1. Return yes or no: is GLY73 at pLDDT below 80 and loosely packed, with under 10 Cβ neighbours inside 10 Å?
2. Exactly one condition in (1) open to solvent by less than 90 Å² (accessible area, probe 1.4 Å); (2) of a type outside the set (Ser, Thr, Tyr); (3) modelled with pLDDT of 75 or more is false for ALA54; which is it?
Amino acid sequence: MKLQLVNITYEIEVEPGEKLILPESIRESIGAGNWIITIQSKLDSSPVTRSHDAFLKGYTPEDEGLYDDYTTG
């Protein structure tokens, strides 16, 4: 039996709260045999964007109505 190294690369994005599901094309390309599957993070080459997450995470129900009396003027 002749062994041949096959390298298949797929880029998959998993959203927060989502579970990894391998695409059917990957499942179809894997048959009988021994496999090594490696999963690694993709280096993010996009620029850092500003986020307001810290503000939203710092908000509590007790803050409701805190600025209701604020008037512009």
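The values are calculated or read from the model by the stated rules, or taken from the named source; none is laboratory data. Keep in mind it's a predicted model, so treat the numbers as computed, not measured. Neighbour counts are summed over all protein chains in view; Cβ atoms, including those assigned to glycine, are modelled from backbone coordinates with ideal geometry. Areas reflect the complete protein model, heavy atoms only, side chains present, ligands, DNA and RNA absent. Shrake-Rupley method; radii C 1.70, N 1.55, O 1.52, S 1.80 Å.
1. Details: at pLDDT below 80: yes; loosely packed, with under 10 Cβ neighbours inside 10 Å: yes.
When the stated conditions are applied, GLY73 passes them.
2. Of (1) open to solvent by less than 90 Å² (accessible area, probe 1.4 Å); (2) of a type outside the set (Ser, Thr, Tyr); (3) modelled with pLDDT of 75 or more, only one is false for ALA54: (3).
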